[in-house]
Amino acid sequence: MEGQKKHFNVREIREQFPALRRLIYGKNLIYFDNGATSQKPQMVLDAINMYYSKDNANIHRGVHYMSQKATTGFEDARQIIQKYINANKSEEIIFTKGTTDSINLVAFSFGQLLNAGDEVIISAMEHHSNIVPWQMMCERRGCILKIAPINKKGELIMADFEALLNSKTKLVSITHISNTLGTINPIKEITQKAHAVGAKVLIDGAQSIQHMKIDVKDIDCDFFAFSSHKVFGPTGVGVLYGKEAILEKMPPYQGGGDMIAKVTFEKTTYNELPFKFEAGTPHIAGVICLGKAIEFLSQFDIEAVQKHEHDLMEYAQDMLSTFEGVNIIGEAKKKTSVVSFTVDGIHPFDIGTLLDKQGIAVRTGHHCTQPLMDFYKIPGTIRASFAFYNTKEEIDTFIEAVEKSINMLK
Ligand code: C6P
């Protein structure tokens with residue numbers, strides 16, 4: 001993975017994604033719904049096919065050849081991810097169903113260590129996956145959920161966040177990049193401030209893992225959650241990184257096979273990390289292919305990827321801003337990859353439907369951030385979210401299509 005990186009060439013990258021070659025209603029697909037899920041490169045598709053056609057077996061259980069091979073592939077993927085995010089040990093990488101599952105794991109398990117009156121802080125720009133598990137946990141444990149406010153540009157108000165911190169704060173759970181606004185939060189600074197009052201920090205990395213270098217040691221966060229499907233891997237699998245010392249203290253999330261050391265009817269003892277948190281047969285193919293997806297992404301200089309995506313975002317935003325009645329939602333100084341907008345007098349769904357008919361996939365609606373929609377007093381937005389395989393030419397076509405749609409709906 002280390003060493004010479006491939007020169008960033010968007011044409012060559014696109015060739016590796018078969019889905020990008022398909023036609024929608026006879027038009028070339030323009031896929032701008034990468035915030036929802038990314039397309040998959042041939043290398044990942046081949047690995048899925050290879051696993052199920054040749055290597056399919058359960059892991060950690062069999063002495064036979066195929067089980068050993070599947071186990072090796074699965075554990076190799078853990079190491080690939082450990083290295084990619086610069087975790088100390090592979091034991092700190094727990095495979096889950098995705099970001100949502102990773103956050104629920106922490107909310108349930110870390111939540112067991114909290115007491116009535118303890119406080120958890122999230123922000124006003126969180127995805128429902130980083131709101132509801134904490135509401136449920138607070139209800140169970142008698143804890144208090146506090147919301148760090150944002151300004152109209154969609155930036156966290158750091159002074160207000162700091163004012164919420166106190167000795168009762170036990171956890172701060174915050175998104176790295178907002179899926180709706182594209183805001184990049186200052187997670188290193190947030191982590192430092194939270195640690196200063198003794199709180200732990202969870203970073204929701206669902207929208208950052210595919211766009212920027214993640215170094216959990218440098219961030220110094222206690223937990224980092226992400227989904228495979230947003231980083232060019234399969235759906236149904238994800239990662240929770242946790243610092244070993246904290247994971248050791250946390251009770252298991254679910255009971256079942258693989259997470260035990262010894263079971264008797266009187267008492268069960270639990271397996272060591274990371275298996276303590278991986279009950280039951282996992283998504284073996286998913287994990288192996290997530291490893292492949294990370295290997296695929298690792299071929300490229302992530303800073304070149306980030307720059308390309310940032311340029312696309314700025315280009316689209318600048319063009320959209322020139323249209324009368326178009327409002328950009330989310331104008332943080334530090335943002336990336338996402339342009340959300342509304343159009344006066346037109347429902348986002350109507351624009352989304354007309355764009356679809358022109359072969360352009362965007363997401364419309366509340367993007368699982370209803371409190372954020374309430375904050376802006378809007379029903380939803382039209383969201384174009386970019387990946388490194390998107391191009392300026394696609395944005396030109398998109399802009400023309402938006403203009404045409406607005407004219408038709410006016
Ligand atoms: N956001 C979007 O279109 P899952 O569903 O578990 O893979 O990821 C949940 C999640 C958590 N946090 C953030 C910041 C997210 O963006 C998402 C998923 C998708 O914006 C689907 S709602």
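I need the full set of residues from region 23-65 which are among the hydroxyl-bearing types (Ser, Thr, Tyr) and under 20 Å from Pro234 (Cα atoms), in order please. Those that are among the hydroxyl-bearing types (Ser, Thr, Tyr) and under 20 Å from Pro234 (Cα atoms): Tyr31, Thr37, Ser38, Tyr51, Tyr52, Ser53.
Restricting attention to region 255-295, the residues that are part of a helix (DSSP H, G or I) and either small (Gly, Ala, Ser) or surrounded by fewer than 21 Cβ atoms within 10 Å (Cβ to Cβ) (or both) total 6. Pairs linking a residue in region 44-68 that is modelled with pLDDT under 95 to a residue that is open to solvent by 90 Å² or more (accessible area, probe 1.4 Å) and hydroxyl-bearing (Ser, Thr, Tyr), with Cβ atoms under 7 Å and 6 or more positions apart or on different chains, do not occur. Against the list (1) surrounded by fewer than 21 Cβ atoms within 10 Å (Cβ to Cβ); (2) within 16 Å of the ligand (Cβ to nearest atom), the condition Phe386 fails is (1).
Looking at region 194-209, which of its residues are out of contact with any Asp or Glu (no Cβ under 6 Å at 6 or more places or on another chain) and either away from the ligand (no atom under 11 Å from the Cβ) or of a type in the set (A, V, I, L, M) (or both)?
Once the filter is applied, which keeps residues that are out of contact with any Asp or Glu (no Cβ under 6 Å at 6 or more places or on another chain) and either away from the ligand (no atom under 11 Å from the Cβ) or of a type in the set (A, V, I, L, M) (or both), region 194-209 yields Ala194, His195, Ala196, Val197, Gly198, Ala199, Leu202, Ile203, Ala206, Ile209.
Within region 211-219, not a single residue is within 24 Å of Lys276 (Cα to Cα), open to solvent by less than 10 Å² (accessible area, probe 1.4 Å), within 11 Å of the ligand (Cβ to nearest atom) and assigned to a helix (DSSP H, G or I). You will find that of Thr180, Thr175, the residue that is over 20 Å from Phe110 (Cα atoms) and within 16 Å of the ligand (Cβ to nearest atom) is Thr180 and no other.
Cβ-Cβ distances below 7 Å connect the following pairs, each with a first residue in region 77-95 that is within 15 Å of Lys276 (Cα to Cα) and touching a residue at least 24 places away in the same chain (Cβ under 8 Å), a second residue that is open to solvent by less than 10 Å² (accessible area, probe 1.4 Å) and in a helix (DSSP H, G or I), and a separation of six or more residues or different chains: Ser90/Arg78; Glu92/Leu247; Ile93/Arg78; Ile93/Ile81; Phe95/Val287. Pairs are defined by a Cβ separation below 7 Å, a sequence spacing of at least 6 or placement on different chains, a first member in region 205-220 that is without any contact (Cβ under 8 Å) to a residue 40 or more places away in the chain, and a second member that is open to solvent by 40 Å² or more (accessible area, probe 1.4 Å) and more than 16 Å from the ligand (Cβ to nearest atom); the pairs so defined are Ile219/Lys188. For region 159-172, the candidate set comprises residues that are crowded, with 16+ Cβ neighbours inside 10 Å and assigned to a loop (DSSP other than H, G, I, E, B); within that set, the residue that is nearest to the ligand (Cβ to nearest atom) is Leu165.
Restrict the check to region 180-199 and report whether at least one residue is over 25 Å from Asp118 (Cβ atoms), open to solvent by 10 Å² or more (accessible area, probe 1.4 Å) and modelled with pLDDT of 95 or more.
Here is the first cut: in region 180-199, the ones over 25 Å from Asp118 (Cβ atoms) are 180-184.
When the remaining residues are screened for being open to solvent by 10 Å² or more (accessible area, probe 1.4 Å), the result is 184.
Still in the list and also modelled with pLDDT of 95 or more: 184.
Among the residues of region 180-199, at least one is over 25 Å from Asp118 (Cβ atoms), open to solvent by 10 Å² or more (accessible area, probe 1.4 Å) and modelled with pLDDT of 95 or more, which makes the answer yes.
Residues of region 26-38 that are assigned to a loop (DSSP other than H, G, I, E, B) and more than 19 Å from Gly365 (Cα to Cα): Gly26, Leu29. When region 375-410 is filtered for residues that are charged (D, E, K, R) and in contact with a Ser or Thr (Cβ under 8 Å, 6 or more places away or on another chain), only Arg383 remains. Regarding region 344-360, can at least one residue be identified that is within 13 Å of the ligand (Cβ to nearest atom) and hydrophobic (A, V, I, L, M, F, W, C)? Within region 344-360, none of the residues are within 13 Å of the ligand (Cβ to nearest atom) and hydrophobic (A, V, I, L, M, F, W, C).
For region 341-392, a residue qualifies if it is under 23 Å from the mean Cα position of the chain (by Cα) and charged (D, E, K, R), and the qualifying residues are Arg363, Asp374, Arg383. Cβ-Cβ distances below 8 Å connect the following pairs, each with a first residue in region 18-34 that is assigned by TED's automatic domain parsing to the domain that holds Arg363 and open to solvent by 30 Å² or more (accessible area, probe 1.4 Å), a second residue that is more than 16 Å from the ligand (Cβ to nearest atom) and among the polar types (S, T, N, Q), and a separation of six or more residues or different chains: Pro18/Gln42; Tyr25/Gln358; Lys27/Gln358.
If you filter region 235-254 down to residues that are within 16 Å of the ligand (Cβ to nearest atom) and open to solvent by 20 Å² or more (accessible area, probe 1.4 Å), you find that the one that is farthest from Tyr270 (Cα to Cα) is Thr235.
The values are calculated or read from the model by the stated rules, or taken from the named source; none is laboratory data. As the structure is a prediction and not an experimental result, all values here were calculated from the model. Note that each Cβ is placed from the backbone with ideal geometry, even for glycine, and that neighbours are counted across all protein chains shown. SASA here: full protein model, heavy atoms, side chains in, ligands and nucleic acids out. Shrake-Rupley method; radii C 1.70, N 1.55, O 1.52, S 1.80 Å.
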